[in-house]
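See structure below.
Each value in this text was obtained by applying a stated rule to the coordinates, not by laboratory testing. Just so we're clear, the structure is a prediction, and the values are computed from it rather than from any experiment. In this analysis, Cβ positions are derived from the backbone assuming ideal geometry, glycine residues included, and neighbour counts consider all displayed protein chains.
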Amino acid sequence: PCIDQEHVIHIFSFSKGYAMAGFRTGYVAFSSKNGSEGKGTLAYEQMLKVQDTIAICTSRISQMAALGALSAGRDWVNDQVKTLDVGRNAILEAMSSLEEIIGGTGAMYVMGKLPKNSTDDKQFASLLVEHFGVAVIPGSFCGYPGWIRVCYSNLPPELCLEAASRLKRGILELTK
């Protein structure tokens, strides 16, 4: 394997690996083989040139959360991922009347295709918020016009069940 070879640069995000979507935090790791003359060190020096010209950075709170995530370790992450099953299953069931559903097997999002006779996805999302208290993203914002995107990772399981119930009611009423 090439995991520690000097020509490999690893670029990581905390979004999926540490359940920190939205924190916009990540890191770069590389081999320190061959000391200060190694390719990894040379690449790092080049990255510093680019980083120096970036006027913004990850917020302090996001940096502290990332350090906390690293300290907590993978066991904590694995325990948190298990809590997603309840929400994912509830959202998939809530969207089951839609023509097509994608996602829900590895991401924190599920996409659902609205019926052709339905209102456009932006209006549909707006109506879900106004009348059912559920926020979704119009699919057209993600390159899928006529779809909705639902995230199930930002609520504890019991609140996700409640949201899924309202989503199901909204979908059924708005797609009649």
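The simple spin-label model puts a point 7 Å past each Cα toward its Cβ; for SER140 and GLU93 those points are separated by 3.3 nm. For the chain, a simple Cβ point-charge model (Lys and Arg +1, Asp and Glu -1, everything else neutral) yields a dipole of about 220 debye relative to the Cα centre. Which one of ILE9, SER165, LEU42 is farthest out on the positive end of the charge dipole of the chain, using unit charges on Cβ (Lys, Arg +1; Asp, Glu -1) and the Cα centre as origin? It is SER165.
Test of the criteria: in the stretch 67-155, which GluC sites (Glu not before Pro) are in a DSSP loop and have at most 16 other Cβ atoms within 10 angstrom of their Cβ? Please report the intermediate quantities before stating the final value.
Details: sites: GLU93, GLU99, GLU100, GLU130; in loops: GLU99.
Listed in order of number, the matching sites are GLU99.
Taken over the Cα atoms of the chain, the convex hull encloses 165 Å³ per residue. When the Cα positions of LEU70, THR83, GLN123 are compared along the charge dipole of the stretch 50-158, LEU70 comes out farthest toward the positive end, with charges on each C-beta of Lys, Arg, Asp and Glu. Stretching ILE61 away from ALA21 to a fully extended chain increases their span by 13.0 nm, per 0.36 nm per residue minus the current alpha-carbon distance.
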